[in-house]
Amino acid sequence: MSLTITDLEQLQTEHPEWQLELIEGNIIVMGPSDYESEEIGSRLITFLNIWVMSRRLGRVTGSSAGFILPSIEDSEKRNLRAPDVSFVKADRLKKTKRDFVEMLPDLMVEVKSKSDRIKPLEEKIQLFLQLGSIVGILIDPDKLTVTVYRPNQTPTVLHNGDTLTLPELLPGWELAVSELWPPEFE
């Protein structure tokens with residue numbers, strides 16, 4: 001049985017505490033993230049928002065913002081996915097929506113949680129890029145790396161001491177990779 005976005009919306013009405021994605025007609029219940037991964041995503045959202053909001057460049061969202069992805073074949077089998085962090089340029093989403101948005105984010109980010117495997121995260125990033133996202137990022141707290149994916153380019157792996165930049169989306173924005181990792185308090 002192939003499920004639709006309407007089916008997903010019905011399940012969310014019945015179970016608002018569930019975080020769901022729709023992948024090729026299957027509803028996937030997403031488990032909660034581990035604390036560190038969520039903190040890293042929140043830190044990135046904060047750093048992006050400081051730059052984006054003051055310049056009115058677009059919208060930054062977290063892991064609960066659902067994107068209805070364009071379907072290549074069958075409109076009934078549309079996927080609804082939610083990256084951990086997303087950015088959409090202002091000229092593409094002039095007014096926020098009280099619903100899922102039928103578009104791709106310009107930037108999508110996945111933060112590897114303790115239970116995640118790398119391959120499905122890379123596949124999700126590649127799907128977004130194939131459909132039209134400009135940049136995908138995979139943050140791996142286990143290896144302390146940030147891998148930046150762009151269409152038709154070899155991924156760039158950044159480490160502590162490197163600086164993350166996104167000139168095609170946020171000219172002038174810079175973030176030291178080391179700033180993503182949660183601090184340790186004494």
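The values are calculated or read from the model by the stated rules, or taken from the named source; none is laboratory data. As the structure is a prediction and not an experimental result, all values here were calculated from the model. Positions of Cβ are generated from backbone atoms using ideal geometry, with glycine treated the same way; all protein chains shown enter the neighbour counts. Areas reflect the complete protein model, heavy atoms only, side chains present, ligands, DNA and RNA absent. Shrake-Rupley method; radii C 1.70, N 1.55, O 1.52, S 1.80 Å.
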Output the residues belonging to segment 45-65 that are among the polar types (S, T, N, Q), modelled with pLDDT of 95 or more and surrounded by 19 or more Cβ atoms within 10 Å (Cβ to Cβ).
THR61
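Would you check which residues across segment 23-42 are closer than 13 Å to PRO141 by Cα and either of a type in the set (A, V, I, L, M, F, W, C) or part of a helix (DSSP H, G or I) (or both) and list them?
Those that are closer than 13 Å to PRO141 by Cα and either of a type in the set (A, V, I, L, M, F, W, C) or part of a helix (DSSP H, G or I) (or both): TYR35, GLU36, SER37, GLU38, GLU39, ILE40, GLY41.
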Here are some residues: PRO16, PRO32. Which one is touching an Asp or Glu at 6+ places or on another chain (Cβ under 9 Å) and open to solvent by 30 Å² or more (accessible area, probe 1.4 Å)?
PRO32
Picking from THR154, THR147, THR96, which residue would you name as being polar (S, T, N, Q) and in contact with a Lys or Arg (Cβ under 9 Å, 6 or more places away or on another chain)?
THR96
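Condition check ((1) open to solvent by 70 Å² or more (accessible area, probe 1.4 Å); (2) modelled with pLDDT of 95 or more; (3) assigned to a loop (DSSP other than H, G, I, E, B)) across all residues:
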| site | (1), (2), (3) |
| --- | --- |
| MET108 | no, yes, no |
| ASP116 | no, no, yes |
| LYS119 | yes, yes, no |
| PHE128 | no, yes, no |
| GLY136 | no, yes, no |
| VAL148 | no, yes, no |
| LEU164 | no, yes, no |
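Please verify whether ARG78 is touching a residue at least 12 places away in the same chain (Cβ under 8 Å), among the charged types (D, E, K, R) and farther than 22 Å from PRO182 by Cβ, treating the condition exactly as stated.
Working: touching a residue at least 12 places away in the same chain (Cβ under 8 Å): yes; among the charged types (D, E, K, R): yes; farther than 22 Å from PRO182 by Cβ: yes.
Against the criterion (touching a residue at least 12 places away in the same chain (Cβ under 8 Å), among the charged types (D, E, K, R) and farther than 22 Å from PRO182 by Cβ), ARG78 qualifies.
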Across segment 173-186, which residue is farthest from ILE118 (Cα to Cα) among those that are in contact (Cβ under 8 Å) with a residue 40 or more places away in the chain and open to solvent by less than 60 Å² (accessible area, probe 1.4 Å)?
TRP173
When (1) crowded, with 16+ Cβ neighbours inside 10 Å; (2) closer than 18 Å to GLU24 by Cβ; (3) out of contact with any strand residue (DSSP E or B) (no Cβ under 6 Å at 6 or more places or on another chain) are applied to ASP140, the one that fails is (2)
